[in-house]
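Just below is one structure, and these are the notes that go with it.
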Amino acid sequence: MWPLYAAGFTTAFGAHGIAANLGGSGADAVTSLLVLGGLLALYDGAEVLLKPVFGTLADRVGARPVLLGGLVAFAAASALYALAGSPGWLWAARLGQGAAASAFSPAASALVARLNPAAKQGRAFGSYGFHKSVGYTLGPLLGGLLVWAGGLRLLFWVLAVLGAGVALWALVAVPVVPPLPRARQTVLDLARRLADPVFLGPTAALAGATAALSVGVGFLPVSGAATGLGTVATGAAVSVLAACAAVVQPRAGRALDAGRLTPRAGLTAGLLLTAAGLAAATLPGLAGLLLAAVLIGTGTGVITPLGFAALASSTPRERLGQTMGAAELGRELGDAGGPLLVAGVAVATTLTYGYGALAVLLAAGPVVVVAVGVRRRGAARA
């Protein structure tokens, strides 16, 4: 399992390590905010388009070859700019990294599900999510140190070595998991399966958690600065958010495996905690900032392992790659949609109303589930 955890760390570290340091790296390619936005969008855009494709490919040829191929491609794309160093190659390298991560990220998730029995999948996905959170947390910090020490090319060199090292580790340690026989699936069959509440519920919760996490990382420092807090205080709040998300995930996974928590109860509690955190972000001062960070981090930390474990337990094992790829697509849409929603509302009103809009959206999910459950029980009694 450890090479799979390392793969999760790699994609998170690569995404945030570069994204957080492109603007201040002094790279010749970053000549304007528009160019910076394009470079940032390349990685996420490739993931949105390609994760479902590579997830389906993992079901067809096996998740291990897709994992290894993606890690090798990530290393090669990183080495591309590290060797060339010209602005044009930075665009190519960033696109290549995003495409490669689109391959090995859902493949790693599928292997986590295939290599663990149902009774241990909560813990396995909790540990996998923990290592991704560590990558998200350390990426900006370690990336900044590397860029300070040797420029952007040094960071790409480190990512190339990291990708190659994890690929070699996975080649040696990850067992061969052959693809399972699959019944023929039409486009209509796929649409029906992805429209099933068993898939939509956990995926929507994962998208909401990612949206809130992205908003917390991006906008909590803005709220802190508006109330006179310095960069140290706002940076500490974001670190608290990331630390809570990382620490809670393995514990939530173990609670699920032990039967102390059900997927529905856990996802509902996680969404409500996250919504409460966004509501707390409207409170002024450091207390509101820290409370928001703790609640958002805890809520997203509960949702992530339970969402993936619920998807894994309800998906035919021969379709795990496809499901994980589609779920990752939902997370990417949440990652982009959450900040866009908050920013759009904030432009028309204030940031407080932006937080409130996302909080209402997240809290509405559990309310709808409860209402549907009550209506179904009433119909059954009638």
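The values are calculated or read from the model by the stated rules, or taken from the named source; none is laboratory data. Predicted model only: the values in this text are computed from it and were never measured. Here Cβ is always computed from backbone atoms with ideal geometry, including for glycine, and neighbour counts include all displayed protein chains. Note: accessible area is taken over every heavy atom of the protein model, side chains too, but ligands, DNA and RNA are not part of it. Shrake-Rupley method; radii C 1.70, N 1.55, O 1.52, S 1.80 Å.
What number of residues in region 113-129 are open to solvent by less than 70 Å² (accessible area, probe 1.4 Å), modelled with pLDDT of 80 or more and not polar (S, T, N, Q)? Matching residues across region 113-129 total 9.
From the list 318, 328, the one residue that fits, being at pLDDT below 90, of a type in the set (D, E, K, R) and open to solvent by 10 Å² or more (accessible area, probe 1.4 Å), is 318.
Figure legend. Inter-residue proximity from region 43-59: first residues at positive phi, second residues open to solvent by 30 Å² or more (accessible area, probe 1.4 Å) and part of a helix (DSSP H, G or I), beta-carbon distance below 7 Å, spacing 6+ or different chains. No pairs are indicated. What's the total number of residues in region 268-298 that are open to solvent by 10 Å² or more (accessible area, probe 1.4 Å), part of a helix (DSSP H, G or I) and β-branched (Val, Ile, Thr)? So the count comes out to 3. Contact annotation: residue pairs with Cβ atoms under 6 Å, 6 or more positions apart or on different chains, pairing a residue in region 287-300 that is within 17 Å of residue 269 (Cβ to Cβ) with a partner that is open to solvent by 40 Å² or more (accessible area, probe 1.4 Å), are 295/273; 295/276; 298/273; 299/273; 300/213.
Check whether at least one residue in region 73-91 is part of a helix (DSSP H, G or I), under 18 Å from the mean Cα position of the chain (by Cα), modelled with pLDDT of 80 or more and of a type in the set (Phe, Trp, Tyr), and report yes or no. Looking for residues that are part of a helix (DSSP H, G or I), under 18 Å from the mean Cα position of the chain (by Cα), modelled with pLDDT of 80 or more and of a type in the set (Phe, Trp, Tyr), one finds at least one in region 73-91, hence yes. Evaluated against (1) at pLDDT 85 or above; (2) of a type in the set (Val, Ile, Thr); (3) farther than 30 Å from residue 60 by Cα, residue 367 falls short on exactly one condition, (1). Residues of region 78-111 that are out of contact with any Phe, Trp or Tyr (no Cβ under 9 Å at 6 or more places or on another chain) and open to solvent by less than 10 Å² (accessible area, probe 1.4 Å): 110, 111. Of the residues examined, residue 251 is one that is open to solvent by 50 Å² or more (accessible area, probe 1.4 Å), within 13 Å of residue 126 (Cα to Cα) and part of a helix (DSSP H, G or I).
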